[in-house]
1. 7 Å from Cα along Cα→Cβ at both A:Ala253 and B:Asp233: what's the point-to-point distance in nm?
2. Would you list the membrane-span-like helices of chain A, meaning whole DSSP H runs whose alpha-carbon atoms span at least 18 Å along their axis and whose mean Kyte-Doolittle value is at least 0.0?
3. By how many nm would the segment from A:Asn31 to A:Val111 grow when fully extended, if each residue of separation counts as 0.36 nm and the alpha-carbon distance is taken off?
4. Say each of A:Ile21 and A:Leu77 gets a label point 7 Å from the Cα, pointing the same way as Cα to Cβ; how far apart are those two points in nm?
5. Could you work out the relative contact order of the stretch B:101-165? I mean the mean sequence separation of Cα pairs under 8 Å and 6+ apart, divided by the number of residues, in percent.
6. Order by neighbour count: B:Asp216, B:Asp172, fewest other Cβ atoms within 10 Å first, most last.
7. Provide A:Lys189, A:Lys166 in ascending order of the number of other Cβ atoms located within 10 Å of each residue's Cβ, fewest first.
8. In vacuo Debye scattering of the protein assembly as shown, one point per C-alpha: log10 I(q)/I(0) at q = 0.05, 0.07, 0.11 Å⁻¹?
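Values in this text are rule-based calculations from the coordinates and carry no lab data. Keep in mind it's a predicted model, so treat the numbers as computed, not measured. Neighbour counts run over all protein chains shown; Cβ positions are idealised from the backbone, glycine included.
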Amino acid sequence: MSAPIDETSPLGVASASSEGIRSTVVRFVKNKWTLRVLSLIAVIALWEYFGRIDPLKASYPTQFLSLLVEDFVPRILPAAGETFGPLGMGFAIASVAGILIGVLMAANKSVDVALSPYIVAIYATPRIALLPVLILWLGVGFDVRLAIVILSAIFPVILNTYLGCKEVNSSLVDVGRSFNANRWTISTKIVLRSSMPYAIAGIRVGFGRGLIGIIIAEILTAGAGLGNLINDDARYYDIGAMFSVIIVLGAAALIFTAALQYVELRLAQPWRRRRTRPQKEVGA
Amino acid sequence: MTEILEDRVNTRSGESLILEVRGLGKIYGPSSAPVLQGLDLEVANGEFVSILGPSGCGKTTALRAVAGLVEQSEGTIRVNGRESRGPSTDKAMVFQGFNLFPWMTAVENAAFGLEIQGVSKKERTRRAAEYMALVGLSDRLDHYPSQLSGGQQQRVGLARALAIEPKLLLMDEPFGALDALTREQLQGMLIDICAQKGLSVLFVTHSIDEAIYLSDRILVMGANPGRVLETFDVTLERPRLENWRGEPDYVELREAAWRLLDVKAGGTNVGAD
């Protein structure tokens, strides 16, 4: 900024330094974190302002955030356990079983032909439609929530794993065969391994579906869990408390999805883990 | 042509043959034309044999049949005196498209054949690293294939094949996907390694120059059906000199191969690079 002024072209120097300031400002404004923080502040401010207009039907950030702090341990944490217990368990079952079924379908034509009509049909049907009958069969407790999570989460895993196995580069399978690898080794070390990024993407979608499933189940059965809290709070016009629960739900989902995305990326592109950069070939 | 072939069988029957193929035929369906018919070939111990032919003449199919990746419709394949059906560990293949596993590091790729054989991780990594050194990639052990150039990737492919110490090395246009300069570097490296290890190689190419430069013997194939048109011994002395293209033997051989491919194969798809 304090560049000596060149007598011959004072204008040139002045415009160059203001150019510098401008480009710094532009870079600051266009930085994605600047934008994210700014938009967050704007959203919170607007919500705070409009939320206070009708406190009975709406809430505002300062209210539900203080409620979140107050309620977290006594109220939200136990309910979160009730939700994430069956969600985690169902999700684990759906992931393992989904990958197994997907691999079996890809490996065996008969299994594929026999199962695919059902899988496609059930996948296309909203699984939520089964909830009333599931409640009839399994009651309103842990079982029905586990069932809806599995039903919601398993199909994306099956279909993605199946697709991933079918997309395996046949030249890589040739490598396994040429080294006299048996069918099992080829299936696990080559076909399954190269389809893992697909499977994880399916698991990520499945997690989202499972979460939707369990929250709806909890709202419908009014038994327990975060869904039940949300439903209760809304009925008692306790909108601030309701939003404090939804915030927790959203944050948990966000963290878990990000973790899965990380695993997916590492499986698909393991070299990103290391700090080695591609290098040009040197010499012969 | 048949006399030449029978002659060859007789002259070579005394030596120890690593590969002996008799009457190899491949037909994909009852109504389709045969891809291969009555193909005879052999590779003696320490010999470098090229199959030269235009695209679609069945040379790769022949190689894949020897590798056990394709089942022949007729004929026998004997490797090291024993009838060979399907893949086995006494032969190893180097692929045109490199075919490295993208999720494995270079040394893990090179160790893959040993991994299949159940060699412990420590031992197979040590042995694979030796072969990585042989192909000049000691400083790239922990790189992933996507971080390597095409030439480097094919060196890993070669190290992977050599690491299981096969009796017979099968190479399917291994340098076809590389640029001209890298190709020459790798050809030179292959010649050195062959001399050092005494390898027996069956090499498929559509490049006349490559076949002449590398081989002890060249089988020229024609298409429809795929069969051996003629066999040439390469009389150029080893080690082949920098200016090997200037030698009269080369010019003569090149002329003969070119004429054969041009006339019998209809002059299409023949690479002269």
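1. Roughly 7.8 nm, to one decimal.
2. TM-like helix candidates: A:10-30, A:32-51, A:77-107, A:109-124, A:142-166, A:193-221, A:239-268.
3. Using 0.36 nm per residue and subtracting the Cα-Cα distance, I get 23.7 nm.
4. Reported label-point gap for A:Ile21 and A:Leu77 is 5.3 nm.
5. Details: 82 pairs, mean separation 31.6, N = 65.
Across the stretch B:101-165, relative contact order equals 49 percent.
6. Exposure proxy ranking, most exposed first: B:Asp216, B:Asp172.
7. Values: A:Lys189 18, A:Lys166 14.
Lowest count first: A:Lys166, A:Lys189.
8. Calculated log10 I(q)/I(0) at the listed q: -0.38, -0.64, -1.01.
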